[in-house]
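FYI, it's all coordinate maths here, none of it is from the lab. As the structure is a prediction and not an experimental result, all values here were calculated from the model. Neighbour counts are summed over all protein chains in view; Cβ atoms, including those assigned to glycine, are modelled from backbone coordinates with ideal geometry.
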Amino acid sequence: MNLVPRLGHGLQTQEPSSAMPLQVAQVFPFDQAWAPDVNTASLAPQLFAMSLFPYLCFLFFLTKSGKTPKLTLFGFYFLLVFVGATIPAGIYAKSAYGTSLANVDWLHGAAESLLTVTNLFVVLGLRQGIREAEAAKQAEADAAAAKEAAAPTPEPSKRA
């Protein structure tokens, strides 16, 4: 027997068999953030899945802008290879070793090496883009200086 609050009637008894089941609206992952049994194992996969859409939008607009160095753009796309390889590696670590990917060194190292390659692509592409922009700026300055040097200078007027 449970005591249940009733509007205007104080506490009344209610038999467990007649109690209505409580239905909770879920808005993943935000409804779990304040749950008493929340942990990273239950929240991380949902946050990971939710982060894919914004990243794909980022790639779309980065590609559409046309201003990103090619190697950097390739690096950002290569991050999807890292994600694609990490998921099966994590599943294999859990099924074969009974633990997370972070605890299986040879699998974790292989997966993280893909992230390292991704970072190299991004950094080398940005470095290349900076050098190209500096070279273009220098070429523009040289062209302006050459044009100024080639322009005839007006002769001073002769006064008698």
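The table that follows gives values for the structure above.
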| read-out | value |
| --- | --- |
| Partners for Lys137 among lysines (Cα-Cα distance below 20 Å; same-chain residues under 8 apart left out) | Lys67, Lys70, Lys147 |
| Check: segment 69-147 dipole with +1 on Lys, Arg Cβ and -1 on Asp, Glu Cβ, in debye | 100 |
| Estimated Rh, segment 63-160: Kirkwood, alpha-carbon pairs, angstrom | 17.8 |
| Sorted by Cβ density within 10 Å, fewest first, the residues Glu112, Glu148, Glu132 | Glu148, Glu132, Glu112 |
| Efficiency of FRET between Lys137 and Lys70 - r from beta-carbon atoms, R0 25 angstrom, step 0.05 | 0.80 |
